[in-house]
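The values are calculated or read from the model by the stated rules, or taken from the named source; none is laboratory data. Every value quoted in this text rests on a predicted model; they were computed, and no experiment measured them. Counting neighbours? That spans all protein chains shown, and the Cβs are built from the backbone with ideal geometry, glycine included. These accessible areas exclude ligands, DNA and RNA; they are computed on the full protein's heavy atoms, side chains included. Shrake-Rupley method; radii C 1.70, N 1.55, O 1.52, S 1.80 Å.
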Amino acid sequence: MKAAVVRALGAPLVIEERPDPEPGPGQVRIRVEASGLCHTDIHAARGDWPVKPTPPFVPGHEGVGIVEKLGDGVTRLSLGQRVAVPWLGWACGHCDHCLSGWETLCERQINTGYGCDGGHAEKMLAAADFAQPVPEGITPADAAPLTCAGVTTYKALKVAGVGPTDLVAISGVGGLGHLAVQYAKIAGATVAAIDVTDDKLALARALGADLLIDARKEDPAEVLKRHGGAHAAIALAVNEQAFAAAYGGLRRGGTLVMVALPAGGTIQVPIFDTVLNGTSVIGSIVGTRQDLAEVFALHAAGRTRVVRETRPLATVNESITDILDGQVTARVVFEM
Ligand code: NAD
Ligand code: ZN
Ligand code: ZN
């Protein structure tokens with residue numbers, strides 16, 4: 001089978017021929033149909049974050065495909081079933097976090113395409129308990145971006161507690177942001193979309209955004225404040241200044257949800273303003289299996305649209321360049 005492999009952090013990926021992986025107890029082998037390229041894969045391949053993956057590894061945590069082999073003891077999935085393999089590849093199921101509905105905070109979790117090989121390959125392994133069945137009627141190429149970009153932004157809006165009278169700022173309308181705009185609309189909010197490319201702003205408009213803010217031309221904080229300030233701002237742009245602008249655009253009592261993970265990123269949060277304005281700043285990491293099931297149900301019901309372009313796996317390095325250059329309409333999905 002072919003796989004896109006990170007041989008060294010910061011080096012281009014290499015398409016390698018590898019033997020099919022053998023599922024261990026509790027695992028399944030999947031014939032991958034589609035695998036979305038998340039910006040996280042770029043951070044992984046470059047070693048951008050404090051906790052680094054160990055090469056060689058196969059990135060990808062939006063892998064979707066057909067179960068073709070069952071390891072010992074697997075009863076939850078069956079051969080021929082379509083599943084998606086998210087970032088949360090495995091969690092212990094026993095700790096405080098797992099037991100309280102926060103399996104995404106499990107200290108023992110294993111992350112797909114980071115702590116184990118991921119979806120940018122013709123075959124992959126997954127823990128049967130964490131591979132999410134894909135409902136009938138969702139194509140593999142649509143299911144892929146929902147598996148990370150979808151569940152992550154759906155969860156971010158949940159933790160922000162967004163409601164129908166809220167102004168919600170979506171900062172960055174890329175792979176994650178184009179779905180965030182839609183979940184915010186589904187929650188009934190008025191949506192301000194912020195980006196730095198014409199295409200992304202046009203996409204946000206097409207997906208229902210009410211207010212477009214071009215961060216190259218105007219200060220998003222000022223524009224948001226002119227509209228009364230945002231109840232919630234979801235920071236999805238891989239850019240520290242965009243976080244600061246999103247914070248600056250909050251109304252009193254507003255919430256900044258940090259989702260993007262720029263290398264070495266920090267922001268200065270003024271204590272006085274945060275206290276007097278009752279501002280919340282929270283981090284949000286992907287979503288649970290239940291969140292992903294909800295994301296799939298919304299899509300199966302025709303309530304979301306996945307905007308993506310499909311490409312062969314061999315384009316992995318140029319696709320990364322295109323994402324960094326802002327040349328991709330929302331998401332690249334590799335079709336195997
Ligand atoms: P992407 O590259 O597809 O999208 C980023 C968008 O931000 C682009 O549309 C870009 O034009 C826009 N942008 C760039 N500079 C901007 C600025 N100054 N202001 C406004 N917009 C700007 O990336 P993605 O796949 O959507 O991922 C975004 C980030 O989220 C990455 O850092 C990724 O690692 C992270 N992520 C986090 C989680 C989580 O669970 N917290 C999950 C998935 C991805
Ligand atoms: Zn991701
Ligand atoms: Zn746990």
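Looking at L212, L236, can you tell me which residue is open to solvent by 30 Å² or more (accessible area, probe 1.4 Å), assigned by TED's automatic domain parsing to the domain that holds A260 and closer than 29 Å to A301 by Cβ?
L212
Taking the stretch 301-320 as the region of interest, how many residues are more than 12 Å from ligand 1 (Cβ to nearest atom), among the hydroxyl-bearing types (S, T, Y) and closer than 25 Å to G10 by Cα?
So the answer is 2.
Is it the case that the stretch 263-280 has a residue that's out of contact with any helix residue (DSSP H, G or I) (no Cβ under 6 Å at 6 or more places or on another chain), small (G, A, S), in a helix (DSSP H, G or I) and open to solvent by 60 Å² or more (accessible area, probe 1.4 Å)?
no
Quick check on the stretch 187-205: of everything there that is crowded, with 22+ Cβ neighbours inside 10 Å and not in a loop (DSSP other than H, G, I, E, B), which residue is farthest from ligand 1 (Cβ to nearest atom)?
For the stretch 187-205, the residue satisfying everything is V191.
Return yes when I170 is surrounded by fewer than 24 Cβ atoms within 10 Å (Cβ to Cβ), of a type outside the set (S, T, N, Q) and either touching a His at 6+ places or on another chain (Cβ under 9 Å) or in the same structural domain as D198 (by TED's automatic domain parsing) (or both) and no when it is not.
So I170 does not fit the description; no.
Having 3 or more residues that are open to solvent by 30 Å² or more (accessible area, probe 1.4 Å) and in the same structural domain as T315 (by TED's automatic domain parsing) is the bar; report the helices (runs of 4 or more DSSP H) wholly within the stretch 35-147 that clear it.
Output list reads 96-99.
For residues in the stretch 19-34 being open to solvent by less than 50 Å² (accessible area, probe 1.4 Å) and either in a strand (DSSP E or B) or basic (K, R) (or both), which is nearest to ligand 1 (Cβ to nearest atom)?
Restricting to residues being open to solvent by less than 50 Å² (accessible area, probe 1.4 Å) and either in a strand (DSSP E or B) or basic (K, R) (or both), the top hit is A34.
Suppose we filter G177, G208 for residues that are modelled with pLDDT of 95 or more, closer than 26 Å to T279 by Cα and either part of a helix (DSSP H, G or I) or out of contact with any strand residue (DSSP E or B) (no Cβ under 6 Å at 6 or more places or on another chain) (or both); which single one remains?
Among G177, G208, only G177 is modelled with pLDDT of 95 or more, closer than 26 Å to T279 by Cα and either part of a helix (DSSP H, G or I) or out of contact with any strand residue (DSSP E or B) (no Cβ under 6 Å at 6 or more places or on another chain) (or both).
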